[in-house]
Amino acid sequence: MRIGLAYAMSGEIESILQSTNAKLLETVCGVPVYEIGPGILAYAGGIGKVNAAMSAQLFIDRYHPDWIVNAGVAGSFVDQPIGTVVLADSFVQHDVDTSAIGDPVGLVSTVNRVEFPTDGLELAKEILSGLGAEYKTGRVATGEVFMTKGARADWIAETFGAMLCEMEGGAVAQVCLRNEVKFTALKSVSDRLCQDNNAGEYFNFGEAMAKLNTVVLPFAQALSKENT
């Protein structure tokens, strides 16, 4: 089984590269792809939905993964500690809105759905529990904006019932769905959208990612073992 770890920023992937004998396989269209270990690859696809979708499709076309695990930081709509690990149970895209022509808010055309559930949720929970990892489970809202405290953040949380907000996962989920590749996501809370200075909190995301990456690699290894 081949698993791809999908990151956005080089800063998010850095600690896992340092803790393994990672090998750079290639950089294509600005996307570096690394071999992390047997059957486990990782890439940094860029910030935002367009970069996330492009890099996910590129990675799928070139490496044919069975499963993609999206790992990265996210802002939290609820007050929980920085570094909290969250297993995503589903994604929505909060910046998609064709309600003017009668569609539900958040409906993504072509695939015609609002919610993108993650795969193997119960298996993922079993693996995390087996690793002794503390985590929460919740919905993640994706959109092309760095979210801060305010009316827009409140609207997203209330409209979609989301726990977290970030800029890539929903796009990766959509690409995986269309390619029939299984998709899971592990997020780490980098900032709290209920705080006035969440942007200031975000700039220390390296610590939150280092904590998450201690979970991501054994999670991917266990996931691979369960499906071989």
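The values are calculated or read from the model by the stated rules, or taken from the named source; none is laboratory data. The structure displayed is predicted, hence computed values, not measured ones. Every residue, glycine as well, gets a Cβ built from its backbone with ideal geometry; the counts of neighbours run over all protein chains shown. Quick note on the areas: whole protein, heavy atoms, side chains included, nothing else; ligands and nucleic acids left out. Shrake-Rupley method; radii C 1.70, N 1.55, O 1.52, S 1.80 Å.
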Identify the residue in the stretch 137-156 that is of a type in the set (S, T, N, Q) and at pLDDT 95 or above and, among all such residues, is most open to solvent (accessible area, probe 1.4 Å).
137
Filter the stretch 23-49 down to residues that are of a type in the set (Phe, Trp, Tyr) and either in contact (Cβ under 8 Å) with a residue 40 or more places away in the chain or farther than 15 Å from residue 64 by Cβ (or both), then give me how many there are.
1
Do we have residue 48 as open to solvent by less than 20 Å² (accessible area, probe 1.4 Å), of a type in the set (Gly, Ala, Ser) and at positive phi here?
yes
Looking at 103, 95, 79, 154, can you tell me which residue is touching a residue at least 60 places away in the same chain (Cβ under 8 Å), not β-branched (Val, Ile, Thr) and not in a strand (DSSP E or B)?
79
Give the stretch 115-136 a look and list any residue that's assigned to a loop (DSSP other than H, G, I, E, B), of a type in the set (Asp, Glu) and open to solvent by 70 Å² or more (accessible area, probe 1.4 Å), or say none.
115, 134
Can you pull out every residue in the stretch 171-191 that is hydrophobic (A, V, I, L, M, F, W, C) and in contact with a Gly (Cβ under 7 Å, 6 or more places away or on another chain)?
185, 189
If you take the residues of the stretch 20-38 that are open to solvent by 30 Å² or more (accessible area, probe 1.4 Å) and of a type in the set (Gly, Ala, Ser), which of them is nearest to residue 96 (Cα to Cα)?
30
